[in-house]
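The values are calculated or read from the model by the stated rules, or taken from the named source; none is laboratory data. Quick caveat: nothing in here was measured; it's all calculated off a predicted structure. Note: ideal-geometry Cβ built from the backbone for every residue, glycine included; neighbour counts use all protein chains shown. These area figures cover heavy atoms from the full protein model, side chains too; ligands, DNA and RNA do not enter into them. Shrake-Rupley method; radii C 1.70, N 1.55, O 1.52, S 1.80 Å.
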Amino acid sequence: EVQFYAGAKALPGGEKMRDIMVGLCGTGDPQKGYRFCIESHTGGTFLTKDGEVVAKAKDFILSQAAIHFDWTEFSARKEGNRLSLKWWGRTILEYEDPEPLDGGYVWLGTFNNGISIPRVTIYGQRQ
């Protein structure tokens, strides 16, 4: 599980809370493993597995109001074959993978944007 806070970074042209990405079971290639894309510039919030969209969030829009110097909390989790994404503790996306990936890297990033991440907590699976 990865819990983190994110905020918009001041950039020329304005701040935007979009294109926040968190990867689980990664290989070092951002197209491999699981990748949650939050408020993608291509539309919506979704989960990919090895580059293919496998699930989309319904009825979730990350507000762009009052984002200056404000933080928002997310949590991405994989437990067995179940993956979930939460925003302030509210589940916004769930997926059960019939062929789950194991192990790999955890990563955070953005695409063509700037974000600040003041706090990250990563929990590993017990062996």
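Observations on the structure shown:
- Within segment 57-77, the set of residues being open to solvent by 50 Å² or more (accessible area, probe 1.4 Å) and modelled with pLDDT of 95 or more comprises just one member, Arg77.
- Of all residues in segment 93-105, those that are under 9 Å from Ala55 (Cα atoms) have Cβ atoms under 6 Å from Cβ atoms of residues that are outside any loop (DSSP other than H, G, I, E, B) and not aliphatic (A, V, I, L, M), 6 or more apart or on another chain, in Glu94/Ser84.
- Selection of segment 87-123 for residues being of a type in the set (Asp, Glu) and in a strand (DSSP E or B) yields Glu94, Glu96.
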